[in-house]
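The values are calculated or read from the model by the stated rules, or taken from the named source; none is laboratory data. Predicted model only: the values in this text are computed from it and were never measured. With ideal geometry, Cβ positions are generated from the backbone for all residues, glycine too; neighbour counts draw on all protein chains shown. What goes into the accessible areas is simple: the full protein's heavy atoms, side chains included, and nothing from ligands, DNA or RNA. Shrake-Rupley method; radii C 1.70, N 1.55, O 1.52, S 1.80 Å.
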Amino acid sequence: MATKTAHGKLATTPDGLRYRPSHEGLPPRSIAPSKLARTLTLVLLAFIALYFLLPIVWVVFASSKTKGDLLSSFGFWFGNDIAWGANWDSLMAWTQNLFPRWVLNSIFYSTVAATVGTLLSVAAGYAMAKFQFPGRNAMLGIVMTGLLMPVALLTVPMYLLFSQLGITNTIWAILIPCIVSPFGVFLGNVYAASSVPTELLEAARIDGAGEARIFFTMVLRLLAPAMVTIFLFIFVATWNNFLLPLMMISSAELKPVTLGLYGMMSYFDPNRGAVMLGALLGVLPLIALFLFLQRFWQAGLAAGSVKG
Amino acid sequence: MSSPSVSAEPKRRKWSRQARHQAISGWAFALPFFLAFCLVFVAPILSAIRSSVFTMKASGGGLFGGGEMEEVFVGLENFQTVATNGAFWSGIGRVFLFGIVQIPIMIGVALLLALLIDSFLVRRPGIWRLSYFLPYAIPGLVAAIVWGYLYIPEVSPFADMLPEIQGSPFFLSPPIVLWSMANMTTWTFTGYNMLIFLAALQAIPGDLYEAARIDGASGWKITTQIKIPMVGSAALLAVLLSIIGTVQLFNEPTVVSTLATWMPKDYTPMMMAYNTMMGLLTPSGAGMASAISILMALIAGSLAVLYFLAQRRLQK
């Protein structure tokens, strides 16, 4: 009778004892939760997943609809016409053909800010972890303060400062603020302290390598996992920034996609299907990046927060 | 922080040469970040403090002024104007209400999800982790546009089932709209906080669970007695970051106010600072906007410190 339970068959050890083997990848039978508990959890998790995913699914369908279909048709399926083409034309017309340019602008700002910002962060984090220099502890304090600083509050005075310097409405007004990431320095510091062996640095120094060469050929490689995380973090933060370009940028050619979309939706009675298409196309690069770099952020994005 | 063994060196001259090398290289690596930090963090703070005690006045005097505009030192007058402005405090009140409801819900759900995903109850954690985290990849502004459309009855698949309140659609009406925006931020950031908790849970050593099991602890006991206490510092960080995020609430109300046109331009303090700076509110101007920013930063800082101290006292 025991052989016919839902949990599979009995097995026999070489010396003739009969036992019921555990399933591979599952906890030992004695502490495994009941099937009921697992089913209930699954149902709960699935419901919560609907909350997080349905709006994204809805955007995909809404972006394909004409004005009439948006009003009348079922939200989670296509309407009578699939109007992606028409909505694209309307998106281009509303934005005076600038929409692709805005997406490219966002890609440009995010890529440059993330690349430079990652290098600056890792260099500073490495310096604080591996060098004794005067002001080191003060700098650590500054970084921790910066980590907890409401950055949006800085944007207003930064606008004043940048307009005195005459760099508002240029790419520098976006790039300079976005390359500074206290979180990146913090993560770089934690990571360098734990994964760059001091012996290795000393060995390289004895072999006559200069500090710059040690940094660029050895340290950066050791810090690669942290760098991917910092890169992703700055990239997303730059892409998501809205208040900064809203204050700094006035010419349409320099707008990132968030600002462009906002301008579009704040028109009187815009073509909503086209706005949804713009929203969808404006986030696709980010979602692609996230899916592509999944194994990095899953391990790294929160790593710094645990040790702090 | 590990540091090279400098104390073991007996000769003084060598020590100082090494120390100098350390100082020079350390500063060389840290300098680019430090300079950028000064430009982006320190200089704006100083410039805000300076401009908050000045105001622009026409040198001719009078209501419409005559002659050139010039900066006049006014001391703490800007702060006084802001602090006696009811709109500023109602903005702070809204943000406070928002935070005190939204942050516990978001952190609670994030912790629950992390505990479930980390437990034996779930077989494929990867799929769940990804689907809860995906909204984080969507910019807050775009999320606000999408949810904003989901709140308009004509477009939304569900909003037309709900009644109008005070002449506005349900989700965009005065008593509800704050919670509609709370929903937007919850949707975006729950997955991120869940990741913070998951990372903290994965850092708990496995022997702890084994020891508990041998002592006869159930899965529930392990969750409540080991896992939840062990993620305390992650929770502290998550809450602090959420408080800071809430103080700067701007994107969501700005987008929603294009749909709910009754919303004032000073609905949140950050909106007030922006619109004051841009001259869309009276009184306006850089001095006033700086004063608002500084007051907000002080309030936010004291809230964060209060929370931190309260948390520390509770843990003792």
Please give me, ordered by residue number, the GluC sites (Glu not before Pro) of region B:139-239 that lie in loop per DSSP and have at most 13 other Cβ atoms within 10 Å. B:GLU154, B:GLU164
Once all Cα-Cα distances of region B:85-315 are split into 10 Å bins that start at 0, what whole-number percent is in each one? 7, 27, 30, 21, 11, 4, 1
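Ratio to report: Rg/Rh of the protein assembly as shown, with Cα atoms as the point set and Rh obtained by the Kirkwood method; give two decimals.
Values: Rg = 27.5 Å, Rh = 27.2 Å.
Checking Rg against Rh, the ratio lands at 1.01.
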Heavy atoms only, probe 1.4 Å: what % of the accessible area of chain A goes to carbon and sulfur, would you let me know? 67
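For the pairs A:LYS255/B:LYS57; A:LYS9/A:LYS35; A:LYS130/B:LYS227, note any where the Cα-Cα span goes beyond 28 Å. Please report the intermediate quantities before stating the final value.
Numbers: A:LYS255/B:LYS57 33 Å; A:LYS9/A:LYS35 18 Å; A:LYS130/B:LYS227 33 Å.
Distance filter (> 28 Å) returns A:LYS255/B:LYS57; A:LYS130/B:LYS227.
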Among A:GLY188, A:ILE214, A:ALA274, which residue has its Cα furthest toward the positive end of the charge dipole of chain A, with +1 on Lys/Arg Cβ and -1 on Asp/Glu Cβ? A:GLY188
Give me the residues in region B:30-50 whose solvent-accessible area, probe 1.4 Å, is reduced by at least 20 Å² once all protein chains are included instead of the chain isolated. B:ALA30, B:PRO32, B:PHE33, B:PHE34, B:ALA36, B:PHE37, B:LEU39, B:VAL40, B:PHE41, B:PRO44, B:ILE45, B:SER47
Can you report the principal axis dimensions of chain A using only the alpha carbons, biggest first, rounded to whole angstrom? 85, 73, 31
Run the numbers on region B:236-253: which residues show a drop of 50 Å² or more in accessible area, chain on its own versus all protein chains together, using a 1.4 Å probe over heavy atoms? B:ILE244, B:GLN248
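For chain A, what is the calculated [θ] at 222 nm in deg cm²/dmol (nearest 500), taking -39500 (n - 2.57) for each run of four or more DSSP H residues and dividing by its residue count?
On the way: 16 runs with 205 residues, N = 308.
Result for chain A: -21000 deg cm²/dmol, rounded to the nearest 500.
Rounded to the nearest 500, what is chain B's calculated 222 nm mean residue ellipticity when only DSSP H runs of at least 4 contribute -39500 (n - 2.57) each, over all residues?
On the way: 12 runs with 196 residues, N = 316.
Mean residue ellipticity, 222 nm, calculated: -20500 deg cm²/dmol.
Charges at C-beta only: +1 for Lys and Arg, -1 for Asp and Glu. How large is the resulting dipole of the protein assembly as shown about its Cα centre, in Debye rounded to 20? Numbers along the way, then the final one.
Details: 38 positive and 25 negative charges, 475 e Å.
The dipole magnitude comes to about 2280 debye.
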Could you state how much accessible area is buried at the A-B interface, both sides summed, with a 1.4 Å probe, in Å² to the nearest 100? 9100
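Would you mind telling me the share, in percent, of accessible area of region B:85-315 contributed by carbon and sulfur at probe 1.4 angstrom?
Numbers: 6120 of 9250 Å².
Here it works out to 66 percent.
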In Å², and per residue, what accessible area does the protein assembly as shown have when probed at 1.4 Å with the other protein chains present? 47
Scaled to the compact-protein estimate 2.2 N^0.38 Å, what is the alpha-carbon radius of gyration of region A:70-128, rounded to two decimal places? 1.98
